[in-house]
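Colleague: Structure provided below as structure tokens; questions to follow.
The values are calculated or read from the model by the stated rules, or taken from the named source; none is laboratory data. Quick caveat: nothing in here was measured; it's all calculated off a predicted structure. Please note: Cβ atoms are built from the backbone with ideal geometry, for glycine as well, and neighbour counts cover all protein chains shown.
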Amino acid sequence: MQRSLKTKPRNFHNAPVVVKHAKAFLTEAFSAPTQAAGSDVGKSHVRYANRANKEPLSFELQGEMICVNQSSQPVEALKLAIVPLDAFQQPIRVPGQRDAYAVKQVVVSIPRGGSTRVEWEQAVDASDVYEVAVIVIGVRYADGSVWRAPDEELIDTF
């Protein structure tokens, strides 16, 4: 099962790279049936996902967006904040993350004034994701210098 989600690209004032045309999907992955060898030669017994010993469902957010380099330098990598939100626009905790959002590092070359398509994915525990906010929170330029989103603006975003 896959369903489309509202996607909210948020861009910081004076950010060197901005997000445009973002899309996100929530994909529900079912456990694969497992086969157990039976005592009958040539036969097998299959335990289906809806029976005993099944694994819990897993959910994955998948998205894509266009990132536009507005800076005067070429970009070689981005740091993205992926924030799953419920129907009341409250962040949903992401497994394995200490903050209310997942941080993804994407190595991508974007020439000065250019744009590129970026894809991302993130595991989530809940199926009640209603919307996803996507924010560029860091940029590494080709010369090795780094731009980071101001902490106070990042806190105000959530």
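Colleague: Could you please give the count of residues in region 13-54 that are closer than 30 Å to Pro111 by Cα and either of a type outside the set (Phe, Trp, Tyr) or modelled with pLDDT under 90 (or both)?
Modeller: 12
Colleague: Can you report the number of residues in region 121-137 which are surrounded by fewer than 18 Cβ atoms within 10 Å (Cβ to Cβ) and in contact with a strand residue (DSSP E or B) (Cβ under 8 Å, 6 or more places away or on another chain)? Reasoning before the result, please.
Modeller: Our first condition is that a residue be surrounded by fewer than 18 Cβ atoms within 10 Å (Cβ to Cβ); within region 121-137, this holds for 121, 123, 125-128, 130-131.
If we keep only those that are in contact with a strand residue (DSSP E or B) (Cβ under 8 Å, 6 or more places away or on another chain) as well, we get 121, 123, 125-127, 130-131.
Number satisfying all stated conditions: 7.
Colleague: State which residue pairs qualify: first residue among the charged types (D, E, K, R) and inside region 109-126, second residue part of a loop (DSSP other than H, G, I, E, B) in any location, beta carbons under 9 Å apart, and separation of 6 or more residues or different chains.
Modeller: Arg112/Ser71; Arg112/Ser72; Arg112/Gln73; Arg112/Pro74; Asp125/Ile92; Asp125/Arg93; Asp125/Val94; Asp125/Pro95
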